[in-house]
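> Before we start, here is the structure in question, set down as structure tokens.
Computed from the coordinates by the stated procedures, all read-outs in this text should not be read as laboratory data. Just so we're clear, the structure is a prediction, and the values are computed from it rather than from any experiment. No Cβ is skipped: glycine too gets one built from the backbone with ideal geometry, and neighbour counts run over all protein chains shown.
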Amino acid sequence: MSKDSPMDTAITQGEEMTLGEYYEREYGAKAVSKKKGIVIHIPKERRRDEVLRGTYLIPELYNLTGVSKDMQKNYTFNKTLIDETRLSATNRKEKTVNVARRIAEVAETHGQYGLRIKHGLTKIMGRLLGPTTCVVKGGDQRFSAHASDSGRLQQAWNRSKFMIEGSHLGGKNQTWVVVADKKCNKDARKMAEKIRSKAEQEGLFYMFDSAPARFQIKYNEPKGYGRRGPKKSQQWELQLEEYFHKNKNIHAIFAIIPDAKDREQEEIYSAVKRVCSAQFGIISQCVLQVHCANEHVITGIMRQMFTKLGSIPWIISFDLPDHRLDLDGMMLVGLDVNHDRRNTQSTIGIAASFDRNFVRYWTKTDYQELAQDMIQGLDKHITDAIRNWWKMNNKTLPSTIMIWRDGVSATQLEKLDETETKALERGIRQSYQNFNLAMPNWCVIVVQKRIIHRFTCADTNKTAPPGTLISSDVVSNQYWDYFLVSCEPPETATATPTRYIVVKDYGMRLNECPNDLYFFTNQLCNLYFNWPGPIRVPAPVKYANKLAQQFGQSCNSLKPHEYLRQTYHFL
């Protein structure tokens, strides 16, 4: 085919014309070359598609787009790109007002459609919930409360010890190890020294009971010209397996990922996670070689390692205005599905709390057909979560269960109600019937991050500040939903709110204490221990998302080792 070939009449609505004529009429793009050969893009078949139509592209009229890996590493390019694409609240408002005005003017001149559109934007009433109170432990053993806004928690956490202590590095006849290849030996020594000095500066040296052992990965070079040896990632995997089989007392490792191409680094990272997280149940922390001497990075990975070993950085002082939502005996459950197209199946992530402060989580992964959005086997998963609660809480069951489901679009809500909520109900009922107990109160709340809504302050034109709640005017008339801006956006950008939809409420009567639900949602956004401050979603959702993402990308078809089920090994 060429630009002179006939265009599909189904696209031109029965009118006969060539490809070149169609592009010139529709896009004002004139093709000159008469060379044969065009590109046809065939979209992925979807069940709701009646006819599968290709997109006809004349080569001289299209350009490659996107950002390559080299571009992503270019700081100057990235900054320029962000400045061009990230709209401030003021710019976004101006552009939106202009669009609204133009649409309203067109509607006025086309009265036959019967549309009347208001000029400008509509003012709506919002509420400011205020910052969350976070409790940290000072160096002198005293506890202090800090608000989560304006970086105050981050400043406080930088000067604090862990609120609750977990395992020490090298405690109880156990060993921790720094793993690196020959080229990274010097960096491994630097990193071990930096960890020691930073631990003393941070007041965390008491968490070290011994110095690390060191294990060197040795690459088997192929013999003979033109021969290729096994991949570095395969050699990492085999040598780590052999080392852990010989040394049974290792409970944590720092793995230094050598400088290499991105793909190779990803493969080594995946090898470490497969061996440690799935096969042996060893806590692992990966560090890029380039970051071994970076003090800021060393502090972060050291604190992250202790969090994985069971230490708790801070807790939330939950303060609910209506005092109607009972948090005692409540279990939080986060659910998410990760679709990684490089794999043959989708990964389910489940994170269920089992303590009163909502800082201890039991986690589970499972797998299902790729691109299947509805979670299969939820009755069994919720049963396992309830059984874990029973084990960890003196053989009692939760009095209420709050389930947060991530990754469901508005068009899938009815399907979720027909499948997932019924499966959850079956699993919960079965669990409680086994103990001759009545069904507990429980609810399902859908969390939507990918939405087009943006809110700006009418008086200042600035982006809506953290803690902004919108629960009227722009909400659904079919479901109980609300919008929450829980954290600050990147610099010069407009905050993207998160939408929450209460899909089902079985006995919790949340409509009688909506303020409690709003405040509780906002406060849960401050309990993600990978970041000292608020995030866009409640902590159980983020943990389920992180778990599904890591195992979907690095350990597909594997499951976390039983030793790690109650740890933050996936952070």
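> Read through the labelled values [x] 43, 35, 26; [y] 49, 33, 18; [z] 50, 25, 23 and report the label of the one computed as semi-axes √(5λ) of the Cα gyration tensor in Å from the structure.
From the options [x] 43, 35, 26; [y] 49, 33, 18; [z] 50, 25, 23, the structure gives [x].
> Just flag the GluC sites (Glu not before Pro) in region 1-106 sitting in loop per DSSP whose Cβ has no more than 16 other Cβ atoms within 10 Å. List each step's numbers first, then the result.
Values: sites: Glu15, Glu16, Glu21, Glu24, Glu26, Glu45, Glu50, Glu60, Glu84, Glu94, Glu105; in loops: Glu15, Glu16, Glu45, Glu50.
Sites meeting the loop and neighbour criteria: Glu15, Glu16, Glu45, Glu50.
> Whole-Hz Karplus ³J(HN,Hα) for region 78-95, in order, using 6.51 cos²θ - 1.76 cosθ + 1.60 and θ = phi - 60°, x for Gly and Pro?
Values per residue, Gly and Pro as x: 4, 5, 4, 4, 5, 4, 7, 9, 8, 7, 6, 4, 5, 4, 4, 5, 4, 5 Hz.
> Here's another thing I want to ask about it. Return the long-range amide H neighbours of Leu320 (sequence gap of 5 or more, or a different chain), with a cut-off of under 5 Å between placed amide H atoms.
The answer is none.
> Where does the chain land at 222 nm, in deg cm²/dmol rounded to the nearest 500, when only DSSP H runs of n ≥ 4 count, each adding -39500 (n - 2.57), divided by all residues?
Numbers: 13 runs with 173 residues, N = 571.
The helix-only estimate for the chain comes to -9500 deg cm²/dmol at 222 nm.
> Here is a follow-up. With charges only on Cβ, +1 for K and R and -1 for D and E, what is the dipole size of the chain about its Cα centre, in debye, rounded to 20? Please list the in-between numbers first.
On the way: 80 positive and 63 negative charges, 338 e Å.
With Lys and Arg at +1 and Asp and Glu at -1, about 1620 debye.
> Going down the table (Lys391/Lys559; Lys183/Lys364; Lys172/Lys559), which pairs top 32 Å between alpha carbons? Provide the component values of the computation, followed by the final result.
Values: Lys391/Lys559 21 Å; Lys183/Lys364 37 Å; Lys172/Lys559 27 Å.
Among Lys391/Lys559; Lys183/Lys364; Lys172/Lys559, the Cα-Cα distance tops 32 Å for Lys183/Lys364.
> Right, next: Let me know the number of lysine pairs in region 1-65 closer than 21 Å at the Cα, not counting same-chain pairs under 8 apart. Before the final figure, lay out each step's value.
Working: Lys3/Lys30; Lys3/Lys34; Lys3/Lys35; Lys3/Lys36.
Summing the qualifying lysine pairs gives 4.
> Something else now. Show which aspartates and glutamates lie in cross-link reach of Lys137 when reach means a straight Cα distance below 20 angstrom and same-chain residues fewer than eight apart are skipped.
Asp149, Glu165, Glu200, Glu202, Asp319, Asp355
> 5 Å is the cut-off here: which amide hydrogens, built 1.01 Å from N in the peptide plane, fall below it relative to Tyr367, excluding neighbours closer than 5 in sequence?
The answer is Ile348.
> Right, next: Tell me, how many Å apart are the Cα centres for region 90-168 and for region 293-355?
About 21 Å separates the Cα centre of region 90-168 from the one of region 293-355.
> Next up: Determine the relative contact order of the chain: mean sequence separation of Cα pairs under 8 Å and six or more apart, normalised by residue count, in whole percent. Mind showing how you got there, number by number?
Details: 1025 pairs, mean separation 87.2, N = 571.
Once normalised by length, the contact order is 15 percent.
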